[in-house]
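Asks: Have a look at this one.
The values are calculated or read from the model by the stated rules, or taken from the named source; none is laboratory data. Worth saying up front: this structure is predicted, and the values here are computed from it rather than measured. Every residue, glycine as well, gets a Cβ built from its backbone with ideal geometry; the counts of neighbours run over all protein chains shown.
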Amino acid sequence: MNKITCHCGRCSITLEVDKVYRTLICACEDCRQALEWAYKEGGLKPNALPKLVYVDSDIESFSGSENMGAFQLRKGSNSTRIYCKKCFSILAVDHPNYNNQRFMFFENHCSTTLDTSLKPNAVTYLDHLPEGSKEIIPSDIPQFRDLDKPDQWEEFAALLKKTAYPSSAREGRGIRLFNILDNIGHIQVLNLEPAALFKK
């Protein structure tokens, strides 16, 4: 079994899976804003191109739920993030597109025993990078400027379908991430303005 834990060790999610499903690099405003919010509250300093790690939502158990919180950036946000209220590690991210089959976490913004070295399938939302950003953009993987544009989304979806890894989730068994969210109960809405933390 593998674990995802917060950096202070108060919260953990024990997984039945033995490998990650896929990885991506994302420059979207929402990912960066969520990590910047956690950093301002006491979490680790993020970079502008976080690595997203996806795993099957097949959970054996979780602990420290009394120290877990959940937040959305704004009312109507799609992503709900689970974090530790003590060290502000972000443990997991849920999104409707994951269909309760998978969830995501940010490499280095929590601890895990999983091997997260899997090469990313793509780098996304490069148009969201702040002007003048000096981040080094990987040139050996597909790049997408803005997935809100239908043609780019179609190309991206086709890439993901072509590079899909077999799921290791056990049908009808295990806890899903939504069970942890139900246990947490309240989802805090931060009401942050889009990209507010990046304005000069």
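Asks: Among residues belonging to the stretch 21-50 that are among the hydroxyl-bearing types (Ser, Thr, Tyr) and either touching a strand residue (DSSP E or B) at 6+ places or on another chain (Cβ under 8 Å) or crowded, with 21+ Cβ neighbours inside 10 Å (or both), point out the one that is nearest to Lys86 (Cα to Cα). Full working, then the answer.
Replies: Kept after step one, since they are among the hydroxyl-bearing types (Ser, Thr, Tyr), are these residues of the stretch 21-50: 21, 23, 39.
Now narrow it down to the ones that are either touching a strand residue (DSSP E or B) at 6+ places or on another chain (Cβ under 8 Å) or crowded, with 21+ Cβ neighbours inside 10 Å (or both): 21, 23.
Working: Tyr21: 29, Thr23: 27 Å.
Applying the filter and picking the extreme gives Thr23.
Asks: On to the next question. Looking only at residues in the stretch 37-56 that are among the charged types (D, E, K, R) and at pLDDT below 95, which one is farthest from Ser111 (Cα to Cα)? Walk me through how you get there before you give the answer.
Replies: The initial filter retains those residues of the stretch 37-56 that are among the charged types (D, E, K, R), namely 40-41, 45, 51, 56.
Those still in the list that are at pLDDT below 95 too: 45, 56.
Working: Lys45: 15, Asp56: 17 Å.
For the stretch 37-56, the residue satisfying everything is Asp56.
Asks: Pull up the stretch 41-75, narrow it to residues that are charged (D, E, K, R) and touching a residue at least 60 places away in the same chain (Cβ under 8 Å), then point me to the one that is nearest to Met1 (Cα to Cα).
Replies: At the first step, the residues of the stretch 41-75 found to be charged (D, E, K, R) are 41, 45, 51, 56, 58, 60, 66, 74-75.
Of the ones still in play, those that are also touching a residue at least 60 places away in the same chain (Cβ under 8 Å) are 51, 56, 58, 60, 74-75.
Details: Lys51: 22, Asp56: 13, Asp58: 11, Glu60: 8, Arg74: 35, Lys75: 36 Å.
That would be Glu60.
Asks: On the given criteria, is Gly9 surrounded by fewer than 16 Cβ atoms within 10 Å (Cβ to Cβ), more than 21 Å from Arg102 (Cβ to Cβ) and not β-branched (Val, Ile, Thr)? If you could, list the steps in order and put the result at the bottom.
Replies: On the way: surrounded by fewer than 16 Cβ atoms within 10 Å (Cβ to Cβ): yes; more than 21 Å from Arg102 (Cβ to Cβ): yes; not β-branched (Val, Ile, Thr): yes.
Taking the combined requirement at face value, the residue satisfies it.
Asks: So which residues in the stretch 143-186 are at pLDDT 95 or above and assigned to a loop (DSSP other than H, G, I, E, B), if there are any at all?
Replies: Result: Phe144, single match.
Asks: Also, quick follow-up: Would you call Tyr54 more than 20 Å from Leu126 (Cβ to Cβ) and hydroxyl-bearing (Ser, Thr, Tyr)?
Replies: no
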